[in-house]
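Structure, as structure tokens:
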Amino acid sequence: MPSRTPVAPHTPGPVRLGPDARAALRPATAGIGPGFWHSRREANARTSIPQGPELLESAGNLHNLRLAAGTVEGEFKGAYPFVDTDVYKWLEAASWQLAQQDDEPLFSHVDRIIGLVAGAQQPNGYLNTWFQLKENGGRYEDLRWGHELYCAGHLIQSAVAHHRATGRAELLDVAVKFADHIDTVFGPPGSGKPVDGIDGHPEVETALVELYRETGERRYLDLAGYFVDRHGHGLLGNEAYCQDRVPVREAENVEGHAVRQLYLLAAAADLATETGDAGLRTAAERLWHAMTTTKTHVTGGLGAHHDWEDFGDPYELPNERAYCETCAAIASVQWSWRMALLTGEARYSDLIERTLFNGFLAGVSLDGERWLYVNPLQVRDGHTDPGGDQSARRTRWFRCACCPPNVMRLLASLEHYLASSDDGGLQIHQYVGGTYTAEGISVRAETDYPWHGTITLTVEDTPADRPWTLSLRIPQWCREFRARCGDETYEGPVTDGWLRLERTWAPGDQVVLELPLEPRLTAADPRVDAVRGCVAIERGPLVYCLEQVDHPGGGLDDIVLDTTRPLAVKHRPDLLGGVTTVVAAGRRRRIPDAGWWPYTCADDSAQQGGEPVELTAIPYYAWANREDGSMRVWLPTS
């Protein structure tokens, strides 16, 4: 086995800006200490990532690489042409994990699987086991469904992660060779290249930008720009599903397959950052605003339709039929982080916080062993589960297993989405216990957030005799706050979501930020028909839900919340790994005797009144970790 190169301190994360980037902010380093996210990452490191090689073996992904390398005989395993990406996403997750801990067994697995990937690559750089084995050629002839460039994108991202985490280049060499091959094949009319085309599933675009950042090779940035700008010109049939109906620069709203749209827009933000392209920046800002105002669930989940995994129409935000694919939540975080760096605006990190705590984290069980592909906001009484990737029950693995390794890689790299710096100082985007470090500045955070709203920040290292600004994001949901620094108290002003504290800091200086966490009732825009007459319970960044298991004696479909009674908070260290619940008053509606017709006169009061019941709401991320049953986020008020 080749010797391991020691990991450099402050390993750069998934986004490392180029030397000429036009970003307002630069990614900073954070070390996550004890607290909420530390426990979730421990489950990822202890259970989720280590089980990856066994699952990839049993599903046939690694077998396919051996077949392509010619070291075994047999048949291709898997139903889709993109199964290689499960390997690449796992390699990325494992690489980020290796940047944090010296785990020799994990390192050995990574080294072994990289050897399989390298062995499967063809001399010209091409690598896709489906087309090398099952299709027996036909390369780049089915760009709508073939996913060859999508697979290449995930390979590139895993290679960049491995190089940054370990200092070794075995996988990066594979990725560079494939990228160079792609650059000889794809180009605009008149370029002399044989294919003017795009992949039906964007991903290679943002990966190529990161490969440019890692290698300094400008051709990769130019190739990414070509791919982004060729979307929307009918190369795949003018379909929104493939992001081919409207060019990015002209689009007015997000549409089509949610994950594909978000990966494409992450690339648009990357290109705007590296090139200063004002048109792409304007489009990205416009589309992010349209998405959040008209197509985002209260959990941060995205994707209204099971059919085509689609965004749907503005304000079409169903509950029990919400798709909200876990991969879409991850893509949303990736895009919003790039927008936060590009613009410096806190609203992008507001959405990241909401998505991380709710729409994303629900995708993995508390023990790290089981997964949700879709994340509905309601499971009805008597629900008949379809199974597979549309299941409302947690599943060990999927035939299309894109979500599990995607969760692994985001959790393993989470410390790179928490803080940033600029020439003026340090910005803290997400509140975790641990240490934030950037350019001579180090700030230690102590907090039990999101269960408690006190964040104590202590300056540990600081440039001498030079003032700098500590910027604290005040969450969008927070109506009032208080910050103390020595004898000074701050309650504003907040500019673009930031409380900015400028002074000449000294080691030992402390800031104590208080974010009140009283539970609250949230109503939706009245145009969201699916939840008219309903409210959701929230507390701090957490969205809450009811589960049937906490309400014996009936289901949830007849529950009505009493909004005139106060909400109470109860911490339950014995429940779901330790959660703070919200206790509310409600009743069970009187349901008329069943007849042959389920409709009645609107003036009929038979359904009014009902039996009082105490409601226990748990954080949405923790649902589906106990016995099967119904669940709902939005609660009727009448």
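Of note:
- Test result for ALA283, out of contact with any Ser or Thr (no Cβ under 7 Å at 6 or more places or on another chain) and open to solvent by less than 10 Å² (accessible area, probe 1.4 Å): yes
- Residues of region 409-440 satisfying the condition of being of a type in the set (A, V, I, L, M) and in contact (Cβ under 8 Å) with a residue 60 or more places away in the chain: LEU410, LEU411, ALA412, LEU414, LEU418, ALA419, LEU426, VAL432, ALA438
- Annotation for region 115-122: at least one member residue is open to solvent by 10 Å² or more (accessible area, probe 1.4 Å) and outside any helix (DSSP H, G or I).
- Of all residues in region 224-246, those that are within 21 Å of ASP310 (Cβ to Cβ) have Cβ atoms under 9 Å from Cβ atoms of residues that are assigned to a helix (DSSP H, G or I) and aromatic (Phe, Trp, Tyr), 6 or more apart or on another chain, in ALA240/TRP308; TYR241/TRP308; GLN243/TYR263.
- Any hit, region 338-360, residues being in contact (Cβ under 8 Å) with a residue 24 or more places away in the chain, closer than 20 Å to SER630 by Cβ and surrounded by fewer than 24 Cβ atoms within 10 Å (Cβ to Cβ): no
- Looking only at region 529-549, and only at residues there that are small (Gly, Ala, Ser) and assigned to a loop (DSSP other than H, G, I, E, B), the one that is least open to solvent (accessible area, probe 1.4 Å): GLY540
- Filter result for THR447 (touching a Lys or Arg at 6+ places or on another chain (Cβ under 6 Å), modelled with pLDDT of 95 or more, surrounded by 18 or more Cβ atoms within 10 Å (Cβ to Cβ) and among the hydroxyl-bearing types (Ser, Thr, Tyr)): no
- Residue in region 220-240 that is at pLDDT 95 or above, touching a His at 6+ places or on another chain (Cβ under 9 Å), at negative phi and not acidic (Asp, Glu) present: yes
- So LEU615, is it open to solvent by less than 50 Å² (accessible area, probe 1.4 Å) and outside any loop (DSSP other than H, G, I, E, B): yes
- Within region 463-474, the set of residues being touching a Leu at 6+ places or on another chain (Cβ under 7 Å) and either in a loop (DSSP other than H, G, I, E, B) or aliphatic (A, V, I, L, M) (or both) comprises LEU470, LEU472, ILE474.
- For region 586-608, the condition of being surrounded by fewer than 19 Cβ atoms within 10 Å (Cβ to Cβ), at pLDDT 95 or above, β-branched (Val, Ile, Thr) and out of contact with any helix residue (DSSP H, G or I) (no Cβ under 6 Å at 6 or more places or on another chain) holds for none of the residues.
- Test: GLN97 is at pLDDT below 95 and under 30 Å from ILE32 (Cβ atoms): no
- Residue list for region 307-316, filter: open to solvent by 20 Å² or more (accessible area, probe 1.4 Å), of a type outside the set (Phe, Trp, Tyr) and over 19 Å from the mean Cα position of the chain (by Cα): ASP307, ASP313, PRO314, GLU316
- The number of residues in region 244-269 being within 14 Å of GLY200 (Cα to Cα), of a type in the set (Gly, Ala, Ser) and buried (at least 24 other Cβ atoms within 10 Å of the Cβ) comes to 1.
- Restricting attention to region 239-264, the residues that are within 18 Å of the chain's Cα centre (by Cα) and among the basic types (Lys, Arg) add up to 1.
- A residue that is touching an Asp or Glu at 6+ places or on another chain (Cβ under 6 Å) and over 27 Å from ALA161 (Cα atoms) cannot be found anywhere in region 200-212.
- Qualifying residue in region 73-81 (condition: within 24 Å of the chain's Cα centre (by Cα) and at negative phi): yes
- Count - residues of region 286-303 that are assigned to a loop (DSSP other than H, G, I, E, B) and either over 19 Å from the mean Cα position of the chain (by Cα) or under 23 Å from PRO619 (Cβ atoms) (or both): 6
- Subset of region 37-63 that is outside any helix (DSSP H, G or I) and open to solvent by less than 30 Å² (accessible area, probe 1.4 Å) - its residue that is nearest to ALA362 (Cα to Cα): ILE49
- Residue check for ALA272: buried (at least 19 other Cβ atoms within 10 Å of the Cβ), in a helix (DSSP H, G or I) and in contact with a Phe, Trp or Tyr (Cβ under 8 Å, 6 or more places away or on another chain): no
- Qualifying residue in region 326-333 (condition: crowded, with 19+ Cβ neighbours inside 10 Å, out of contact with any Lys or Arg (no Cβ under 8 Å at 6 or more places or on another chain) and either in a loop (DSSP other than H, G, I, E, B) or polar (S, T, N, Q) (or both)): yes
- When TRP96 is tested against the conditions (1) closer than 24 Å to PRO14 by Cβ; (2) in contact with a helix residue (DSSP H, G or I) (Cβ under 6 Å, 6 or more places away or on another chain); (3) open to solvent by 10 Å² or more (accessible area, probe 1.4 Å), the lone failure is (3).
- Of the residues in region 152-168, not one is assigned to a loop (DSSP other than H, G, I, E, B), without any contact (Cβ under 8 Å) to a residue 24 or more places away in the chain and not β-branched (Val, Ile, Thr).
- Test: residue in region 520-528 that is within 27 Å of HIS38 (Cα to Cα), touching a residue at least 12 places away in the same chain (Cβ under 8 Å) and either open to solvent by 30 Å² or more (accessible area, probe 1.4 Å) or among the polar types (S, T, N, Q) (or both): yes
- Region 64-85, subset open to solvent by 10 Å² or more (accessible area, probe 1.4 Å) and in a helix (DSSP H, G or I), residue nearest to ARG409 (Cα to Cα): ARG66
- Restricting attention to region 123-136, the residues that are part of a loop (DSSP other than H, G, I, E, B) and open to solvent by 10 Å² or more (accessible area, probe 1.4 Å) total 4.
The values are calculated or read from the model by the stated rules, or taken from the named source; none is laboratory data. The structure presented is a predicted model; accordingly, all values stated were derived computationally and were not measured. Counting neighbours? That spans all protein chains shown, and the Cβs are built from the backbone with ideal geometry, glycine included. The area values use the complete protein model at the heavy-atom level, side chains included, leaving out ligands, DNA and RNA. Shrake-Rupley method; radii C 1.70, N 1.55, O 1.52, S 1.80 Å.
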